[in-house]
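Structure record follows, encoded as structure tokens.
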Ligand SMILES: Cc1cc2nc3c(=O)[nH]c(=O)nc-3n(C[C@H](O)[C@H](O)[C@H](O)COP(=O)(O)O)c2cc1C
């Protein structure tokens, strides 16, 4: 049977983005996509989300930057990246032949920095959408994360919305009591979609040295350990917003992705599972198609949000 896995983001915006399927890479776990072009058939995934990119190059956090945990990893990379100008020069020309559209993840320490990166992307070639990583400190406000406060999250979203014609995804942090409140705030501020979750803050201590293992002391937990938390948050957010929800956190196979879709997600992202097995993202995409064909489901829309309470905004 014919299965339609396509997803549209930014419907009604000047540059809507049609994805062939709903499986994207997660920011920071897939480089700038070009590193994987010879390794994987990228024309079988929905899109590449890049490493978060800032205005100026960033060296990142002190070593060590990651440690294994049961069913996951804890990392504090510190958004090391070459800066937007170098990304435009080095990677953007190569994105044309990549096989998948590129969504640039944007990070910054101030609203002005987000605006400046978005403006430079507006003139760049081969970028199909922006994803705002708002789990970055707002130094003007004393080091708090933009994403933990609905007001701050809305502020950075509306500022970027004002300067970009690209579909705008805002990536939410799970390190909050009420993620739906932040999701509603960024939707009202002009986000075309929300993605969740970023990593959960954690710490691992080396008892021999009596010190935290990571150079940054704390880090972000990812992998299968966080999947139930992420699925629950997607389920909550899908009941609270009308824009598409992109779910991620611990996806290792198509069945994991289906959990997010049944919780209300329109698309998913595959992150740290790709470190051990780079082909995971392609297998998840292929697996969703195979599942639909086997179950006689012609579109994932038929099962999207099937566990949401009836009458939910997304159901
Ligand atoms: C090594 C590493 C680097 C990451 N870098 C970024 C980043 O630059 N920007 C971002 O928004 N998220 C970043 N993340 C978070 C992932 O995109 C994702 O939200 C998180 O890992 C949960 O998904 P997963 O369990 O599938 O890995 C990073 C995660 C890891 C493990």
What single numbered condition from (1) crowded, with 24+ Cβ neighbours inside 10 Å; (2) under 18 Å from residue 172 (Cα atoms); (3) within 13 Å of the ligand (Cβ to nearest atom) fails to hold for residue 281? (2)
Selection count, region 11-26, where residues are more than 14 Å from the chain's Cα centre (by Cα), crowded, with 22+ Cβ neighbours inside 10 Å and more than 14 Å from residue 102 (Cβ to Cβ): 1
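Using the structure shown, decide if residue 282 is closer than 22 Å to residue 73 by Cβ and not in a strand (DSSP E or B).
Considered against the rule, which asks whether it is closer than 22 Å to residue 73 by Cβ and not in a strand (DSSP E or B), residue 282 comes out as yes.
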Quickly run through region 81-112 and pick out the residues that are within 15 Å of the ligand (Cβ to nearest atom) and closer than 19 Å to residue 149 by Cβ. 106, 107, 108, 109
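Inside region 247-266, can you point out the residues that are more than 10 Å from the ligand (Cβ to nearest atom) and either assigned to a helix (DSSP H, G or I) or within 15 Å of residue 172 (Cα to Cα) (or both)? Break it down stepwise before answering.
Just the residues of region 247-266 that are more than 10 Å from the ligand (Cβ to nearest atom), to begin with: 253-255, 257-266.
Answer for region 247-266, where residues must be more than 10 Å from the ligand (Cβ to nearest atom) and either assigned to a helix (DSSP H, G or I) or within 15 Å of residue 172 (Cα to Cα) (or both): 254, 255, 257, 258, 259, 260, 261, 262, 265.
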Test result for residue 279, touching a residue at least 60 places away in the same chain (Cβ under 8 Å) and over 26 Å from residue 192 (Cα atoms): yes
Would you say residue 29 is buried (at least 18 other Cβ atoms within 10 Å of the Cβ) and either within 11 Å of the ligand (Cβ to nearest atom) or in a loop (DSSP other than H, G, I, E, B) (or both)? yes
Within region 227-241, restricting attention to residues that are more than 10 Å from the ligand (Cβ to nearest atom) and in contact with a helix residue (DSSP H, G or I) (Cβ under 7 Å, 6 or more places away or on another chain), which residue is farthest from residue 25 (Cα to Cα)? 240
Would you pick out the residues in region 168-190 that are more than 14 Å from residue 230 (Cβ to Cβ), buried (at least 24 other Cβ atoms within 10 Å of the Cβ) and touching a strand residue (DSSP E or B) at 6+ places or on another chain (Cβ under 7 Å)? 168, 169, 170, 186
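Every read-out reported here was derived from the displayed coordinates using simple, explicitly stated rules and does not represent laboratory data. Every value quoted in this text rests on a predicted model; they were computed, and no experiment measured them. Don't worry about glycine lacking a Cβ; one is built from the backbone with ideal geometry, like all the others, and counts go over all protein chains shown.
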